[in-house]
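Written below as structure tokens is the structure these notes are about.
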Amino acid sequence: MINKERNMIKKLLIFCSILFTFHFMVFAQTENVKPLTIGEIRTIKSKVLNEDRILNIYLPQSFDKTKSYPIIYLLDGSINEDFIHVTGLVQFFNQMYSMPETIVVGVANIDRKRDFTFHTDLKDLQKDYPTTGHSDQFIGFLEKELKPYIESQFKSTDTYIFGQSLGGLLATEILLKKPELFNNYFIISPSLWWDDESLLKQAPQLLAKSKDIRKFVYVSVGKGEHPVMVKDAENLYDLLKKSNKKNWTVEYKMMETDNHATILHRSLYEGLVKLFPYQEPKI
């Protein structure tokens, strides 16, 4: 009986020792877990929009608040939209191409149909997009609140706007109506069909009023997109070229293997290559 008790105690001690060792190993592994941080999430209170807006901000790995950086304003900039893959693309260009370290400000969406479209009297669009028609307010938010806030937090050398689809429509509207807001425009698959192509129809008159100040404009569309999308993107490019702005660099890219769903990442890559060619890595 005594031997049985001794064996049981011995087994219990061995079990406790194993359990303690396991817990120690788990604790030690947990101690090695740290958050992976690539930037910040901030909330800005907008009086123009009468709501809070979330900003996802990518900061370069060697970010120094005393230095100045180019800043990309990314429409559709939610975590579950385009923020992560676009920041990855920017980081890749920082490493392998001549692109300087750059800050990305992803503007998270609340209602992109409301924010990225201007007013229309077309009944079918009003029915399909019941909240539509408030891009003027969103542009006011960018101009009067977001950009001043970001520039009060980070020193800027150059500004970009990236927009696709309805975001491309908004980027085009800003280029034509408020061109001074950004230096570089990446307009991908713009929904210029909106309001019976009224923005395209106004483009010549709007461009005539624009100052001939340095600007880079990149327009692209996928060959697999709706024919109207392709035609409108080509027309936008033609109108920009015909405006004869000597200090505007205007580029156009037909993405041969892409459609509306797949175009953004590859197209941004092609556009950035035009600005920042490949450079041999330093040894």
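Nothing in this text is a laboratory measurement; each read-out follows from the coordinates by a stated rule. Every value quoted in this text rests on a predicted model; they were computed, and no experiment measured them. Every residue, glycine as well, gets a Cβ built from its backbone with ideal geometry; the counts of neighbours run over all protein chains shown.
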**Request:** Starting at the first residue of the range 251-262, write each ³J(HN,Hα) from the Karplus equation 6.51 cos²θ - 1.76 cosθ + 1.60 with θ = phi - 60°, in whole Hz, x for Gly and Pro.
**Result:** 10, 9, 9, 8, 8, 4, 10, 10, 10, 5, 7, 9
**Fill in**
Residues whose modelled amide H sits under 5 Å from the amide H of residue 78, counting only those 5 or more places away in sequence or on another chain, are 83, 109
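Taking the Cα centre of the range 41-194 as origin, sum charge times position over the Cβ atoms of Lys and Arg (+1) and Asp and Glu (-1), and report the length of that vector in debye to the nearest 20. Don't skip to the end; give the middle numbers.
Details: 16 positive and 19 negative charges, 58 e Å.
Using only the charged Cβ atoms, the result is roughly 280 debye.
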**Fill in**
Neighbour-count ranking for 165, 62, 220, 210 (other C-beta within 10 angstrom, fewest to most) reads 62, 210, 165, 220
**Expected 222 nm ellipticity per residue - DSSP helices of 4 or more, -39500 (n - 2.57), all of the chain, to 500** = -14000 deg cm²/dmol
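Would you mind estimating how fast the chain diffuses translationally, via Stokes-Einstein at 37 °C and 0.692 mPa s with the Kirkwood radius over Cα pairs, in µm²/s? Intermediate values should be presented prior to the final figure.
Working: Rh = 21.3 Å.
My calculation gives 154 µm²/s for D.
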**Request:** State the antiparallel share, in %, of DSSP beta bridges confined to the range 46-121, rounding to the nearest 5.
**Result:** 55 percent
**Message:** Give me, ordered by chain and number, the residues 5 or more places off residue 249 or on other chains with an amide H under 5 Å from its own placed amide H.
**Reply:** 215, 216, 217
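Excluding residue 64 itself, calculate the net charge of residues whose Cβ lies under 11 Å from the Cβ of residue 64, where each Lys or Arg counts +1 and each Asp or Glu counts -1.
Details: positive: 65, 67, 155; negative: 101.
Counting the neighbours of residue 64, the net charge comes to +2.
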**Asked** Once you charge only the Cβ atoms, +1 for Lys and Arg and -1 for Asp and Glu, what is the size of the charge dipole of the range 129-283 about its Cα centre, to the nearest 20 debye?
**Response** 580 debye
**Fill in**
Across 250, 90, 104, the residue with the highest GNM fluctuation in the chain (Cα network, 10 Å cutoff) is 250
**Message:** Between 38, 187, 174, where does the largest GNM mean-square fluctuation fall for the chain, given springs only between Cα atoms within less than 10 Å?
**Reply:** 38
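Which loop GluC sites (Glu not before Pro) in the range 191-274, with loop taken from DSSP, have no more than 13 other Cβ atoms within 10 angstrom of their Cβ?
Numbers: sites: 197, 225, 234, 251, 256, 270; in loops: 225, 256.
In loop regions of the range 191-274 (DSSP not H, G, I, E or B), the sparsely surrounded GluC sites (Glu not before Pro) are 256.
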**Message:** Through the Karplus equation 6.51 cos²θ - 1.76 cosθ + 1.60, θ set to phi - 60°, convert the phi angles of the range 184-198 into ³J(HN,Hα) values in whole Hz; use x for Gly and Pro.
**Reply:** 10, 10, 10, 10, 10, 6, x, 7, 6, 5, 3, 6, 6, 6, 5
**Asked** With a sphere of radius 13 Å drawn around the Cβ of residue 250, what net charge do the other residues whose Cβ falls strictly inside it have (Lys, Arg +1; Asp, Glu -1)?
**Response** +4
**Message:** Quick check on the chain: of the DSSP beta bridges with both residues there, what percent are antiparallel, nearest 5%?
**Reply:** 30 percent
**Asked** Taking +1 at the Cβ of each Lys and Arg and -1 at the Cβ of each Asp and Glu, which of 126, 58, 188 sits farthest along the dipole of the chain towards its positive end, judged by Cα position relative to the Cα centre?
**Response** 58
**Prompt:** What's the tally of Lys pairs in the range 61-195 whose alpha-carbon atoms lie under 19 angstrom apart, where the two lysines are 8 or more places apart or on different chains?
**Reply:** 12
**Complete:** In whole Hz, the Karplus estimates of ³J(HN,Hα) for the range 34-40 (6.51, -1.76, 1.60; θ = phi - 60°; x where Gly or Pro) are 10, x, 8, 10, 10, x, 9
**Request:** List the residues whose amide H sits under 5 Å from the amide H of residue 192, counting only those 5 or more places along or on another chain, with H placed 1.01 Å from N in the peptide plane.
**Result:** none
**Message:** Give me the net charge for the shell around residue 275: Cβ to Cβ below 13 angstrom, other residues only, Lys and Arg +1, Asp and Glu -1.
**Reply:** +1
